[in-house]
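*Asks:* Pasting a structure below so you can have a look.
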Amino acid sequence: MLDYLRRLFVYDDWANREIVDGISALPTSLPRSVRWLAHILSAEKLWWERIAKQPQSLPVWPEFTASECSVLSAEMASVWKNYFARATEEDLAALVTYKNSKGESWSSRVDDILMHVAMHGAYHRGQIAADFRAAGHTPPYTDFIHAVRQSFVK
């Protein structure tokens, strides 16, 4: 399971960078796309902080620029790479106790959290793709299978 999740996070990093680059290349701003990207990255950091038992450092829906998203994207890629370099299968079964944004207490397994992070990013990147299309732009192609076929994910 560890190798599978590691692969998903390599994909997540690649897909987030594709979105950052796509947003940065647009002739005009797409504020909703930037907001969704900021949310993806802030939520990743929040989940990392929960796993690491650190206090939440960012709001769930921050008001970031595309440039700030780029910085946070690189930071989170490094965080996850370092995490997976030392994580064990046993670590994946550990329970993390936290309060959600509504103040409700929960406990979740680390592997479930990691799967959620990967799926959450894919969900919002789909919204970003729709926003690009609605504005008349071609969205970055961030499908997982495309990343595998192009050897971005091995």
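Computed from the coordinates by the stated procedures, all read-outs in this text should not be read as laboratory data. This one's a predicted model, so the numbers in the text were calculated from it and none came from an experiment. Backbone-built Cβ (ideal geometry, glycine too); neighbour counts: all protein chains shown.
*Asks:* Using a 7 Å offset from the Cα along the Cα-to-Cβ direction at both His146 and Met115, what is the distance between the two label points in nm, to one decimal?
*Replies:* Spacing of the two 7 Å Cα→Cβ label points: 2.6 nm.
*Asks:* Cα gyration tensor of segment 1-99, axes a ≥ b ≥ c as square roots of the eigenvalues: rounded (a/c below 1.5), prolate (a/b > b/c) or oblate?
*Replies:* Working: a/c = 2.87, a/b = 1.63, b/c = 1.76.
It is oblate, given that a/c is not under 1.5 and a/b is not larger than b/c.
*Asks:* In a Gaussian network model over the chain where Cα atoms closer than 10 Å are linked, find which of Asn100, Asn16, Asn82 has the largest mean-square fluctuation.
*Replies:* Asn100
*Asks:* Going by amide H atoms built from the backbone, whose H comes under 5 Å of the H on Val96, apart from near neighbours?
*Replies:* So Val96 has HN proximity to Ser108, Arg109, Val110.
*Asks:* Let me ask something else. Using a ≥ b ≥ c from the Cα gyration tensor of segment 107-148 (square roots of the eigenvalues), is it rounded, prolate or oblate, where a/c under 1.5 gives rounded and otherwise the larger of a/b and b/c decides, a/b for prolate? Kindly include the intermediate steps, with their values, before the conclusion.
*Replies:* Values: a/c = 6.90, a/b = 2.10, b/c = 3.29.
Oblate.
*Asks:* Applying 1/(1 + (r/R0)^6) with R0 = 30 Å to the Cβ-Cβ distance of Ala94 and Tyr123, what FRET efficiency is obtained, to the nearest 0.05? Present the calculation step by step, with values, prior to reporting the outcome.
*Replies:* On the way: r = 25 Å, r/R0 = 0.83.
For R0 = 30 Å, the calculated efficiency reads 0.75.
*Asks:* On to the next question. Can you give the local net charge around Lys99? Use residues other than it whose beta-carbon is closer than 15 angstrom to its beta-carbon, Lys and Arg +1, Asp and Glu -1. Could you put the intermediate results ahead of the total?
*Replies:* Numbers: positive: Arg50, Lys53, Lys102; negative: Glu49, Glu104.
Neighbour charge sum, excluding Lys99 itself: +1.
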